[in-house]
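S.K.: Structure in structure tokens, see below.
The values are calculated or read from the model by the stated rules, or taken from the named source; none is laboratory data. Quick caveat: nothing in here was measured; it's all calculated off a predicted structure. Please note: Cβ atoms are built from the backbone with ideal geometry, for glycine as well, and neighbour counts cover all protein chains shown. The protein model used for the area step is the full one, side chains on, heavy atoms only, and it has no ligands, DNA or RNA in it. Shrake-Rupley method; radii C 1.70, N 1.55, O 1.52, S 1.80 Å.
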Amino acid sequence: MARGRSSAALPKHAQISEMLIRDIAAGRLADGARLPPEREMAEQLGIAVGTLRKALEALATKGLLDRVQGSGNYVRARDGVASIYSMLRLELKAGGGLPTAELLGVERLAKPADAPAFGPSPEGWRFRRLRFLGGVPAAMEEIWLDGAQAAHVAAQDVLESLYLFYRERLGLVILSAEDRVGFAPVPAWRDPRFPPEVGDTAGYVERIARDKAGTPVEYSRTWFDAETVTYINRIGRG
């Protein structure tokens with residue numbers, strides 16, 4: 001089994017833009033709010049001003065920021081914004097939280113007998129990860145990609161965002177997904193940093209993800225710490 005942290009983390013400016021997108025969606029950054037001056041904000045985030053400007057430019061391109069010369073940067077909240085983590089529905093209870101992930105292992109195996117049908121191959125690539133939100137261990141993820149989608153997967157090539165990895169390395173675009181949310185016992189392969197113990201009841205999400213043609217190509221199951229994390233799906237703005 002390939003183990004260890006993925007070396008292919010998102011660029012820092014992309015991490016910051018994703019964090020801000022999630023904070024805007026969660027209401028932590030309100031519509032019309034003026035962001036701190038760029039130098040002050042960069043210092044707060046521990047990044048270079050140039051890195052912050054790249055992140056802010058990405059937000060402006062998505063229509064989430066008005067950059068007013070001589071006045072500052074103003075939040076413009078809106079729905080349906082495409083982002084790297086637009087399909088990630090887990091958030092810290094306080095709202096938002098920058099998503100990162102540590103790859104615990106990737107293997108090609110026979111698909112689990114209890115999984116719904118997804119893809120033509122009898123085998124799949126199984127990714128096991130520890131998910132963090134804002135640096136907090138938040139969820140255990142087991143993701144199965146249909147084996148027909150890739151002949152080989154190297155752990156060192158896997159990105160923190162699997163959907164970005166699929167798109168950039170495999171040419172596979174995940175366009176839609178169906179989630180079923182409930183509760184389930186934490187599995188035996190639990191990482192010791194995940195707060196609930198093996199067998200404890202945790203929040204649970206099963207997902208079937210589909211490609212552009214509507215074909216199911218991925219099945220995943222996620223156990224999340226309901227003490228610190230919530231599953232949320234926003235519909236419209238009221």
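S.K.: Tell me, yes or no, whether segment 69-79 has at least one residue that is open to solvent by 20 Å² or more (accessible area, probe 1.4 Å), of a type in the set (A, V, I, L, M) and out of contact with any helix residue (DSSP H, G or I) (no Cβ under 9 Å at 6 or more places or on another chain).
M.R.: no
Residues are listed down the side, and each one gets a yes or a no for (1) touching a Lys or Arg at 6+ places or on another chain (Cβ under 8 Å); (2) at pLDDT 95 or above; (3) not in a strand (DSSP E or B):
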site: Phe194; (1), (2), (3): no, yes, yes
site: Glu197; (1), (2), (3): yes, yes, yes
site: Arg207; (1), (2), (3): yes, yes, no
site: Ala213; (1), (2), (3): no, yes, yes
site: Thr222; (1), (2), (3): yes, yes, no
site: Ala226; (1), (2), (3): no, yes, yes
site: Gly236; (1), (2), (3): no, no, yes
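S.K.: On to the next question. Could you please find all residues in segment 16-71 being more than 23 Å from Glu91 (Cα to Cα), in contact with a Leu (Cβ under 8 Å, 6 or more places away or on another chain) and free of Cβ contacts under 8 Å to residues at least 24 places away in the same chain?
M.R.: Residues satisfying the conditions are Ala42, Arg67.
S.K.: Hey, any hits in segment 141-152 for a residue that's in contact with a Phe, Trp or Tyr (Cβ under 7 Å, 6 or more places away or on another chain), outside any loop (DSSP other than H, G, I, E, B) and open to solvent by 40 Å² or more (accessible area, probe 1.4 Å)?
M.R.: Looking for residues that are in contact with a Phe, Trp or Tyr (Cβ under 7 Å, 6 or more places away or on another chain), outside any loop (DSSP other than H, G, I, E, B) and open to solvent by 40 Å² or more (accessible area, probe 1.4 Å), one finds none in segment 141-152, hence no.
S.K.: Related question: Out of segment 153-173, which residues are touching a residue at least 60 places away in the same chain (Cβ under 8 Å), crowded, with 18+ Cβ neighbours inside 10 Å and part of a loop (DSSP other than H, G, I, E, B)?
M.R.: The answer is Val158, Glu160, Ser161.
S.K.: Are there any pairs, at least 6 apart or on different chains, whose C-beta atoms fall under 6 Å, with the first in segment 207-231 and among the aromatic types (Phe, Trp, Tyr) and the second surrounded by fewer than 17 Cβ atoms within 10 Å (Cβ to Cβ), and if so, which?
M.R.: Pairs that qualify, where the first residue is among the aromatic types (Phe, Trp, Tyr) and the partner is surrounded by fewer than 17 Cβ atoms within 10 Å (Cβ to Cβ), are Tyr219/Ala115; Tyr231/Val181.
S.K.: Mind checking whether some residue in segment 1-21 is open to solvent by 30 Å² or more (accessible area, probe 1.4 Å), within 28 Å of Ser176 (Cα to Cα), of a type in the set (Gly, Ala, Ser) and within 20 Å of the chain's Cα centre (by Cα)?
M.R.: yes
S.K.: In this structure, is Gly203 at pLDDT 95 or above and open to solvent by 20 Å² or more (accessible area, probe 1.4 Å)?
M.R.: no
S.K.: Still on this structure: Just checking: which of the helices (runs of 4 or more DSSP H) contained wholly in segment 1-99 hold 2 or more residues that are modelled with pLDDT of 95 or more, within 22 Å of Arg167 (Cβ to Cβ) and among the aromatic types (Phe, Trp, Tyr)?
M.R.: Output list is empty.
For (1) open to solvent by 10 Å² or more (accessible area, probe 1.4 Å); (2) within 30 Å of Pro36 (Cβ to Cβ); (3) touching a Lys or Arg at 6+ places or on another chain (Cβ under 7 Å); (4) among the hydroxyl-bearing types (Ser, Thr, Tyr), each residue gets a yes or a no:
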position	(1), (2), (3), (4)
Leu88	yes, yes, no, no
Ala94	yes, yes, no, no
Thr100	yes, yes, no, yes
Glu107	yes, no, yes, no
Lys111	yes, no, no, no
Gly119	yes, no, no, no
Arg128	yes, no, no, no
Phe132	yes, yes, no, no
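S.K.: Which residue is farthest from Glu141 (Cα to Cα), if the candidates are limited to segment 206-238 and must be buried (at least 19 other Cβ atoms within 10 Å of the Cβ) and hydrophobic (A, V, I, L, M, F, W, C)?
M.R.: The residue in question is Val217.
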